[in-house]
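For reference, the structure discussed in these notes is given below.
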Amino acid sequence: MRTDGPDRCREWRHLLGAYALGDLDAGERAGLEAHLESCPECRAEAESLGAVAQLLPLADPDRFGRPAPQPSALLGERIAAAIGNEGRARRRRRHRRFGLTLTGAAVAAAAALAIFVLPGDGGADPAQHVEFAALPPGIHIGATLEPHAYGTEIRVYVRGIRSGTLCRVSLVGPRGARVPAGTFRYRWGEDSEAVLSSALDLSRTRAIDIRTGNRTFVAPVKGTGGPNQEETT
Amino acid sequence: MQPGALKGERDVREAYAAHSGELFGFALRSLGDAGLAEEAVQETFVRAWRAGKRFDPQIGSLRTWLFAILRNVVIDLGRARAARPAVAAPGVEPAVEPFEQALLSWQVEEAMRRIGEDHRRVLVETHYRGRPYAEVAEELGVPEGTVKSRVYYGLRALRVVLEEMGYED
């Protein structure tokens with residue numbers, strides 16, 4: 001009996017699982033082994049499945065018969081809060097160190113700058129995460145806006161655009177007026193998170209736009225509500 | 001920024017969405033306590049975020065890196081627990097085998113969950129319960145050859161899932 005060739009492979013291959021588990025009777029096993037002698041592809045498959053079969057005793061059917069356990073729904077938020085708190089504390093320490101190194105004539109300028117960069121009242125108002133939808137494939141942009149006494153802190157995340165691209169960030173007020181928040185240059189391989197700020201209150205911010213080269217990406221912002229939400233001019 | 005790096009909070013959120021279930025499942029398997037397992041997962045992501053700039057996707061995947069961090073966290077929590085008086089934890093029994101063995105066992109169990117129901121069922125009935133193929137075939141109302149085929153394709157599916165999970169034989 002010929003035991004090689006593609007047709008023979010099809011005939012024998014479906015037995016390779018039971019063979020790997022040692023479940024074939026003597027007749028089937030002898031026939032399959034004769035085929036394996038002459039077929040390197042099936043032999044390689046038999047060896048590969050044999051390695052998988054050896055792993056099966058490691059698994060307990062009582063365990064995998066139950067649904068996979070899931071963490072509580074709040075765990076993600078707890079992690080985000082822990083990282084957010086540590087990040088804010090880290091920035092605060094950095095800003096304080098920056099302030100202490102300034103002397104002489106720079107002190108006055110530092111005082112003005114400190115008003116601009118120090119966090120506000122410890123984050124009584126929640127930060128808002130903004131998603132940019134309908135982005136071209138491969139491009140990811142996100143932003144987190146945090147209200148402060150001086151206005152809004154904007155942390156922008158960019159990935160996937162050409163390295164070296166200048167990014168201009170603005171907040172859009174209630175009547176469509178753009179308030180510049182600053183610029184940064186995206187560098188591939190470096191931290192893509194830029195921390196910027198704008199004098200526009202988050203409660204009055206309707207959108208954020210980011211101009212990269214000749215493209216502009218806009219995402220709506222919900223503001224933080226409250227009596228100052230509408231412009232009164 | 002390197003693709004897959006874990007430098008900003010946004011990256012952590014994405015990594016959490018992709019890997020928290022697996023990390024929690026394995027932490028629970030290792031520690032035997034859901035509260036401790038959540039603590040381990042939280043500490044894993046916080047450590048990963050702190051060390052985000054050191055992550056190099058050319059060395060290994062983000063998933064592999066997170067599991068390496070979880071390994072250290074589980075060991076730390078295990079030591080801390082060993083220093084405290086023992087408290088009986090209801091529910092899942094903690095793993096007593098070495099970490100790599102526990103990880104492999106958990107991977108195989110997770111892979112078994114992910115393959116198709118038809119394939120899982122024939123593997124459970126024939127391999128784990130040791131039932132004859134003919135008996136299983138009769139119960140399922142299919143020819144015995146179909147049961148053998150399902151065993152074959154079940155092992156192939158298991159191999160694919162394990163490879164996706166980073167297993168290399």
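The values are calculated or read from the model by the stated rules, or taken from the named source; none is laboratory data. Only a predicted model underlies this, so the values are computations on that prediction, with no experimental measurement involved. Because the Cβ atoms are built from the backbone with ideal geometry, glycine has one as well, and the counts that use them run over all protein chains shown.
For the range B:53-64, enumerate the residues that are free of Cβ contacts under 8 Å to residues at least 60 places away in the same chain, closer than 23 Å to B:GLY25 by Cα and out of contact with any helix residue (DSSP H, G or I) (no Cβ under 7 Å at 6 or more places or on another chain).
Within the range B:53-64, just B:GLY60 meets the criteria.
Mind listing just one residue for me: the one in the range B:48-63 that is part of a helix (DSSP H, G or I) and surrounded by 17 or more Cβ atoms within 10 Å (Cβ to Cβ) and, of those, modelled with the lowest pLDDT?
B:GLY52
Specify which of the listed residues (A:GLY87, A:GLY99, A:GLY142) is modelled with pLDDT of 75 or more, surrounded by 14 or more Cβ atoms within 10 Å (Cβ to Cβ), in a helix (DSSP H, G or I) and among the small types (Gly, Ala, Ser).
Matching residue, one of A:GLY87, A:GLY99, A:GLY142: A:GLY87.
Could you check the range A:1-23 and list, in sequence order, the residues that are modelled with pLDDT of 95 or more and of a type in the set (A, V, I, L, M)?
If the condition is that a residue be modelled with pLDDT of 95 or more and of a type in the set (A, V, I, L, M), then A:LEU15, A:LEU16, A:ALA18, A:ALA20, A:LEU21 are the ones that fit.
For the range A:160-190, name all the residues that are touching a helix residue (DSSP H, G or I) at 6+ places or on another chain (Cβ under 9 Å) and either acidic (Asp, Glu) or surrounded by 20 or more Cβ atoms within 10 Å (Cβ to Cβ) (or both).
Passing the criteria: only A:LEU171.
Applying the selection to the range B:11-37, what residues are under 22 Å from B:GLU100 (Cα atoms), among the hydroxyl-bearing types (Ser, Thr, Tyr) and within 11 Å of chain A (Cβ to nearest Cβ)?
Of everything in the range B:11-37, just one residue is under 22 Å from B:GLU100 (Cα atoms), among the hydroxyl-bearing types (Ser, Thr, Tyr) and within 11 Å of chain A (Cβ to nearest Cβ), namely B:SER20.
Could you list, in sequence order, the residues of the range B:119-132 that are at the interface with chain A (Cβ under 7 Å from one of its Cβ atoms) and not aliphatic (A, V, I, L, M)?
Once the filter is applied, which keeps residues that are at the interface with chain A (Cβ under 7 Å from one of its Cβ atoms) and not aliphatic (A, V, I, L, M), the range B:119-132 yields B:THR126, B:HIS127, B:TYR128.
Which residues, taken from the range B:29-46, are at pLDDT 90 or above and under 27 Å from B:VAL108 (Cβ atoms)?
Matches in the range B:29-46: B:ALA34, B:GLY35, B:LEU36, B:ALA37, B:GLU38, B:GLU39, B:ALA40, B:VAL41, B:GLN42, B:GLU43, B:THR44, B:PHE45.
State whether the residues of the range A:62-76 include one that is in contact (Cβ under 8 Å) with a residue 24 or more places away in the chain and within 11 Å of chain B (Cβ to nearest Cβ).
no
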